[in-house]
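So the structure is just underneath, and the comments pick up after that.
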C-alpha cells in the first residue's frame with residue numbers, strides 16, 4: 001500500500017525509547033532484588049538449599065528480563081503516528097486510533113506530555129487483550145481516546161507540532 005504524498009509518518013523518538021528501556025531495566029533490577037531476597041530468606045530458614053536459592057531466582061530473572069525488554073522493544077518499534085490532510089492515525093500493538101481532524105476534541109499538555117484527545121467520529125480498534133486491559137486497569141480506561149503525542153517528539157518547534165497546528169490551530173495552547 002503506497003503512502004499518500006501528503007501523509008507524514010512519525011516513529012517513537014530515540015530519547016523516549018531510551019527512557020522507556022531504562023525504566024524497564026530498573027523494573028527488572030527491582031524484581032531481581034525482590035526474588036533474591038525471598039529466596040535468600042528461604043535458604044536461611046532451611047526450606048531451600050543454597051544452590052536452589054540462587055539458581056532458581058537467576059532463571060526467573062532471565063525469563064522476566066527477556067520478556068520485559070522484548071515487550072518494551074516490540075511496543076516501541078511498532079508504534080507510529082501518521083498525519084495527513086484527512087486526519088491523524090495512531091498505531092501501537094493492540095490499538096489503532098484513526099481520527100479525522102473534526103473528531104479531535106483537544107490537545108492536553110499535563111506535565112509537558114502532550115496528548116491528543118479524540119471524540120465522536122474517531123475509529124478505535126482494540127485487540128482482545130487490550131480490551132481486557134481497558135476494562136480492568138483504571139489508568140487505561142481512555143486508551144482508545146488518547147493519542148500520546150509526546151512519544152513522537154512533540155514540542156513547540158517540532159515538525160509534528162507544526163503539522164498539527166496547520167491542520168487544527170484552534171486546539172493548540174498558546175505559551
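The values are calculated or read from the model by the stated rules, or taken from the named source; none is laboratory data. Please read these numbers as outputs of a predicted model, since none were measured by experiment. Cβ atoms come from the backbone with ideal geometry, glycine included; neighbour counts cover every protein chain shown.
Applying the selection to the range 1-37, what residues are in a helix (DSSP H, G or I) and either modelled with pLDDT under 70 or loosely packed, with under 13 Cβ neighbours inside 10 Å (or both)? Correct list: 14, 15, 18, 19, 22, 23, 26, 29, 30, 33, 34, 37. Of the residues making up the range 134-165, those that are at pLDDT below 85 and closer than 24 Å to residue 120 by Cβ are 134, 135, 137, 138, 139, 140, 141, 142, 143, 144. The condition of being touching a strand residue (DSSP E or B) at 6+ places or on another chain (Cβ under 6 Å), under 24 Å from residue 166 (Cα atoms) and either at pLDDT below 90 or not in a strand (DSSP E or B) (or both) holds for only one of 97, 88, 107, that being 107. For the range 73-85, a tally of residues being buried (at least 18 other Cβ atoms within 10 Å of the Cβ), out of contact with any strand residue (DSSP E or B) (no Cβ under 6 Å at 6 or more places or on another chain) and not in a loop (DSSP other than H, G, I, E, B) returns 1.
Residue 130 meets the conditions (1) touching a strand residue (DSSP E or B) at 6+ places or on another chain (Cβ under 7 Å); (2) surrounded by 18 or more Cβ atoms within 10 Å (Cβ to Cβ); (3) at pLDDT below 90; (4) closer than 16 Å to residue 10 by Cα in every case but one. The failed one is (4).
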